[in-house]
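I have placed the structure first, in the form of structure tokens, so that the comments after it can refer back to it.
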């Protein structure tokens, strides 16, 4: 992976009951501009439950991103099983709340989540599917040495088709370095 010495220290912590308010912050119109817009309160409660349950199902993990040493929760990151082009892979996604954007926190948090996924030795690849119109998320993929596989049409949220970049990272290259 890229040299992350210039980004702030963060840690990722397993998603918990106390993270519902963080999820509500992430659900703002500004934060969901590239994702089809905000979800309803019912959808947010359902998403929160999925985030709480994902690790127990063995299908991925969700985390909050916390700054160090301040201990401020500034966003979320996770990975989950996805069937993609006849192969089961991990998909990853992340969000950083607006006051903390542009500081390298997403890059640092995603790097931590990638390391977690690599340690599991479950899937060889992890993919990210940021909108082609989301320069910040595409930059995170470039900084973390994902390979751009091309553009694709992706349904997210259900019922909303969007044009995305398909970024792929070989987790075997991460585990060989650890």
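Just a few scattered comments:
- The lone exception for residue 61 - which of (1) crowded, with 18+ Cβ neighbours inside 10 Å; (2) over 17 Å from residue 171 (Cα atoms); (3) touching a helix residue (DSSP H, G or I) at 6+ places or on another chain (Cβ under 8 Å) it fails: (2)
- A count restricted to the stretch 20-44 and to residues that are crowded, with 16+ Cβ neighbours inside 10 Å and in a loop (DSSP other than H, G, I, E, B) stands at 5.
- Subset of the stretch 85-103 [surrounded by fewer than 17 Cβ atoms within 10 Å (Cβ to Cβ) and in a loop (DSSP other than H, G, I, E, B)]: 85, 86, 101, 102, 103
- The lone exception for residue 122 - which of (1) surrounded by 14 or more Cβ atoms within 10 Å (Cβ to Cβ); (2) closer than 21 Å to residue 38 by Cβ it fails: (2)
- Residue 167 being in contact with a helix residue (DSSP H, G or I) (Cβ under 7 Å, 6 or more places away or on another chain) and closer than 25 Å to residue 33 by Cβ: yes
- Among the candidates 78, 109, residue that is touching a strand residue (DSSP E or B) at 6+ places or on another chain (Cβ under 8 Å), closer than 17 Å to residue 19 by Cα and part of a strand (DSSP E or B): 78
- Filtered residues of the stretch 79-96 (kept if within 24 Å of residue 33 (Cα to Cα) and under 13 Å from the mean Cα position of the chain (by Cα)): 79, 80, 90, 91, 92, 93, 94, 95, 96
A short reminder: the numbers here are calculations on the coordinates, not readings from a lab. Values in this document were obtained by computation on a predicted structure and should not be read as measured data. With ideal geometry, Cβ positions are generated from the backbone for all residues, glycine too; neighbour counts draw on all protein chains shown.
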